[in-house]
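Chemist: Following this message is one structure expressed as structure tokens.
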């Protein structure tokens with residue numbers, strides 16, 4: 001189960017020896033926060049030193065004005081249940097700002113004080129998971145990237161990824177394209193090509209209504225090169241085999257709905273040179289040892305619908321391959337293989353991948369939350385030279401690493 005950055009920060013701050021309090025403001029100004037509610041963590045008989053020099057973070061604000069603000073607490077006045085901060089909030093605190101107080105380590109770096117964000121990301125960048133990745137020239141062709149940043153909708157409802165198993169051909173997500181006008185489409189990022197070369201564009205599509213069209217589009221000359229269509233109400237492969245016309249140096253994959261009523265789900269959009277025996281590896285493959293296998297997944301096979309076990313059971317493992325490294329080239333790593341791919345074959349990379357670092361409070365990670373917590377608290381204990389924290393969390397971190405960190409299972413070479 002995924003955890004957001006905010007939840008991870010709160011879990012760290014709640015650990016014994018750290019210190020965390022939270023509540024909802026009842027009033028305030030741009031430089032003060034008051035919480036006089038019955039469940040307030042501020043008590044009139046507190047010491048005025050209790051929260052002094054700690055950090056307050058506005059974790060949620062109905063109008064979002066102050067959300068994410070982190071400020072150092074200058075003074076605490078128990079009698080009026082008021083915090084006065086160093087500097088100012090983005091706007092006056094009102095009666096619904098949810099806040100957290102971080103006593104020992106700030107949520108983000110504050111002066112010389114490293115923040116929980118740094119400790120969390122220091123841990124995450126050293127954690128890995130096993131994954132399958134579609135080798136394609138189309139950015140986010142497998143639809144597994146969070147969000148729709150790599151796709152642009154034209155005459156469609158807002159593009160969205162679907163996690164419903166019935167609407168997924170392979171992996172965890174697909175792209176929903178629901179037209180608002182005839183010939184609405186989602187298009188990929190532009191892809192550099194060489195005119196005169198042959199390319200195969202394939203994709204899987206499940207049509208709910210209307211007609212769907214997979215189109216290879218010449219962005220240089222603003223014209224369609226070729227297309228394949230379907231009206232099938234179940235998953236169907238679409239395939240375009242085309243020679244790049246003279247003068248074309250950039251193409252996109254367009255996922256088109258012919259009618260205003262066209263509504264479809266798309267997955268596994270793959271563009272590659274015809275008869276390819278070499279493909280670029282994604283940038284997150286940091287070295288050759290991260291690659292475990294290449295698997296060929298053929299069109300018409302049993303649908304996975306959100307899992308990967310079927311890929312291992314029914315896919316064909318490429319027997320010989322080699323990772324080619326070019327540390328000074330534009331593409332650092334490519335993989336070369338000796339298997340001739342069929343027109344509707346997908347080439348899936350099985351590899352160990354690092355988790356993505358977090359930045360916004362709503363960013364989420366699938367890294368094990370207990371492992372991230374133990375690793376971050378171990379790092380905090382080391383930096384603060386806190387033997388109690390280290391004694392509590394270092395053994396836990398080592399145990400959870402052994403449980404959750406994948407180990408390389410296979411390496412093949414030509």
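Chemist: Give the peptides 94-106, 110-122, 132-144 in descending order of average Cβ contacts within 10 Å, highest first.
Modeler: By packing density, highest mean first, the sequence is 132-144, 94-106, 110-122.
Chemist: Find the centroid of the Cα atoms in the range 214-243 and in the range 382-409, then give the distance between the two in whole Å.
Modeler: 51
Chemist: Starting from the eigenvalues of the Cα gyration tensor, five times each then square-rooted, give me the equivalent ellipsoid semi-axes of the range 184-282, largest first, whole Å.
Modeler: Calculated on Cα positions only, the semi-axes equal 24, 15, 11 Å.
Chemist: What value, in deg cm²/dmol to 500, does the helix sum -39500 (n - 2.57) over DSSP H runs of n ≥ 4 give at 222 nm once divided by the residues of the chain?
Modeler: After summing the helix terms and dividing by the residues of the chain, the value is -4000 deg cm²/dmol.
Chemist: Next up: So what is Rg over Rh here for the range 73-154, counting just Cα atoms and using Kirkwood for Rh?
Modeler: In the range 73-154, Rg relative to Rh is 1.19.
Chemist: From Cα pairs below 8 angstrom and at least 6 apart in sequence, can you work out the relative contact order of the range 322-397, rounded to a whole percent?
Modeler: After rounding, I find 16 percent.
Chemist: What Kirkwood hydrodynamic radius, in Å, does the range 20-103 give when the mean of 1/r is taken over all pairs of distinct Cα atoms and then inverted?
Modeler: In the range 20-103 this quantity evaluates to 12.1 Å.
Chemist: So for the range 20-103, averaging the separation of alpha carbon pairs under 8 Å that are six or more residues apart and normalising by length, what relative contact order in percent results?
Modeler: Averaging sequence separation for qualifying contacts and normalising by length gives 43 percent for the range 20-103.
Chemist: Here is a further query. Above 34 angstrom, tally the Cα pairs of the chain and express them as a % of all pairs, no decimals.
Modeler: 46
Chemist: What FRET efficiency comes out for the pair residue 224/residue 4, r = Cβ-Cβ distance, R0 = 51 Å, nearest 0.05?
Modeler: 0.75
Chemist: Relative to the longest principal Cα axis of the chain, at what angle does helix 387-404 sit, 0 to 90 degrees, rounded to 10?
Modeler: 20
Chemist: Can you work out the FRET efficiency for the pair residue 75 and residue 283, with r the C-beta to C-beta distance and R0 = 56 Å, to the nearest 0.05?
Modeler: So the FRET efficiency works out to roughly 0.70.
Chemist: Once fully extended, how much extra length lies between residue 48 and residue 370, figured as 0.36 nm per residue of separation less the alpha-carbon to alpha-carbon distance?
Modeler: 112.5 nm
Chemist: Then there is this: How large are Rg and Dmax for the range 134-353 when calculated on the C-alpha trace, in angstrom?
Modeler: When restricted to Cα atoms, the range 134-353 yields Rg and Dmax of 16.8, 49 Å.
Chemist: Taking the chain as the reference, fit the longest principal axis to its C-alpha atoms, fit the long axis of helix 369-383 to the helix C-alpha atoms, and give the angle between the two in degrees, 0 to 90, nearest 10.
Modeler: 50
Just so you know, all these numbers are worked out from the coordinates, no wet-lab data involved. Source: prediction; values computed, not measured. All Cβ positions, even for glycine, are placed from backbone atoms using ideal geometry, and neighbour counts span all protein chains on display.
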